[in-house]
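Q: Take this structure, written in structure tokens, and hold onto it; I'll ask about it next.
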Amino acid sequence: MFSNKHADIKIVLLGDCGVGKTNIFTRIFQNSFSLESKPSKDIQIVTNNIMIEDRVLKAQVWDTTGDRRFASIKKSYMQNAKIVIIICDVTRKSTFNNIEKWATYVKNYADPHAKIIVVGNKSDLHNLREIQSQEAATLTESKGLPYLEVSALNSMNIELLYHSALAEGYLKLLA
Ligand SMILES: Nc1nc2c(ncn2[C@@H]2O[C@H](COP(=O)(O)OP(=O)(O)OP(=O)(O)O)[C@@H](O)[C@H]2O)c(=O)[nH]1
Ligand SMILES: [Mg+2]
């Protein structure tokens, strides 16, 4: 609830190894990108206080690892997650085939009413696409999930993604 002047909103980035979770995270918070980023071995968390009217919204964003070996730890990362961003890679169709797996994961371990947003990252790699925008949008929307394409490399829609996640979180607090 958003009854007092402070409220927390936890946003978790999920998705297969190498889809770009860490680079989206660093693009949001440091405006940086690395072509040589290493697979994440642990989580990183950033907390961001945002004033909305006279209230302080404390947004906590979690970058997780796609490595299966960390799956059991990741369950605890999901606790109280209000917004989950499932990240896919438009150059690897298999990452879209795993949306269902991640959505089930969210249902089992996050807040049961967590809002899911599906993201197709690496939209800058036009020639390497394995899935076109329209097909990706149709696929995710058929599962009742919203879809947005981004690029951590050239920043396309990264700000929009973060603001959409915050807006969804805010709406949840008002509900
Ligand atoms: N061209 C392009 N490459 C990207 C983009 N985002 C990430 N990459 C590259 O994809 C690779 C993996 O990115 P990461 O951000 O480390 O992926 P991750 O999802 O955090 O991976 P794990 O931590 O292993 O789960 C890196 O080589 C990045 O440079 C993008 O938008 N465009
Ligand atoms: Mg990572």
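The values are calculated or read from the model by the stated rules, or taken from the named source; none is laboratory data. The structure presented is a predicted model; accordingly, all values stated were derived computationally and were not measured. A quick note on method: Cβ atoms are made from the backbone with ideal geometry, for glycine too, and the neighbour counts reach across all protein chains shown.
Q: Answer yes or no as to whether N49 is away from ligand 2 (no atom under 16 Å from the Cβ), within 30 Å of S142 (Cβ to Cβ) and either of a type in the set (S, T, Y) or without any contact (Cβ under 8 Å) to a residue 24 or more places away in the chain (or both).
A: no
Q: Out of all the residues in segment 134-145, is one or more touching a residue at least 12 places away in the same chain (Cβ under 8 Å) and either of a type in the set (D, E) or within 22 Å of S37 (Cβ to Cβ) (or both)?
A: No - not one qualifying residue is present in segment 134-145.
Q: Also, quick follow-up: Inspect all residues belonging to segment 121-139 and state whether any of them is more than 25 Å from E159 (Cα to Cα) and of a type in the set (K, R).
A: no
Q: Moving on. Answer with yes or no whether N49 is over 29 Å from L125 (Cα atoms), touching a Leu at 6+ places or on another chain (Cβ under 8 Å) and not charged (D, E, K, R).
A: yes
Let's see how each residue does on (1) at pLDDT below 95; (2) part of a loop (DSSP other than H, G, I, E, B); (3) surrounded by fewer than 15 Cβ atoms within 10 Å (Cβ to Cβ):
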{"position": "V19", "(1), (2), (3)": "no, yes, no"}
{"position": "I28", "(1), (2), (3)": "no, no, no"}
{"position": "S32", "(1), (2), (3)": "no, yes, yes"}
{"position": "L35", "(1), (2), (3)": "yes, yes, yes"}
{"position": "I50", "(1), (2), (3)": "yes, no, yes"}
{"position": "L57", "(1), (2), (3)": "yes, no, no"}
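Q: Give segment 7-17 a look and list any residue that's near ligand 1 (Cβ under 10 Å from one of its atoms) and buried (at least 18 other Cβ atoms within 10 Å of the Cβ), or say none.
A: If the condition is that a residue be near ligand 1 (Cβ under 10 Å from one of its atoms) and buried (at least 18 other Cβ atoms within 10 Å of the Cβ), then L13, L14, G15, D16 are the ones that fit.
Q: Something else about it: Please go through segment 71-97 and give me each residue that is within 13 Å of ligand 1 (Cβ to nearest atom) and more than 20 Å from D111 (Cα to Cα), ordered by number.
A: C88, D89, V90, T91, R92, T95
Q: Hey, could you check segment 31-68 for residues that are polar (S, T, N, Q) and within 13 Å of ligand 1 (Cβ to nearest atom) and say which is farthest from K101 (Cα to Cα)?
A: Here the residue is S32.
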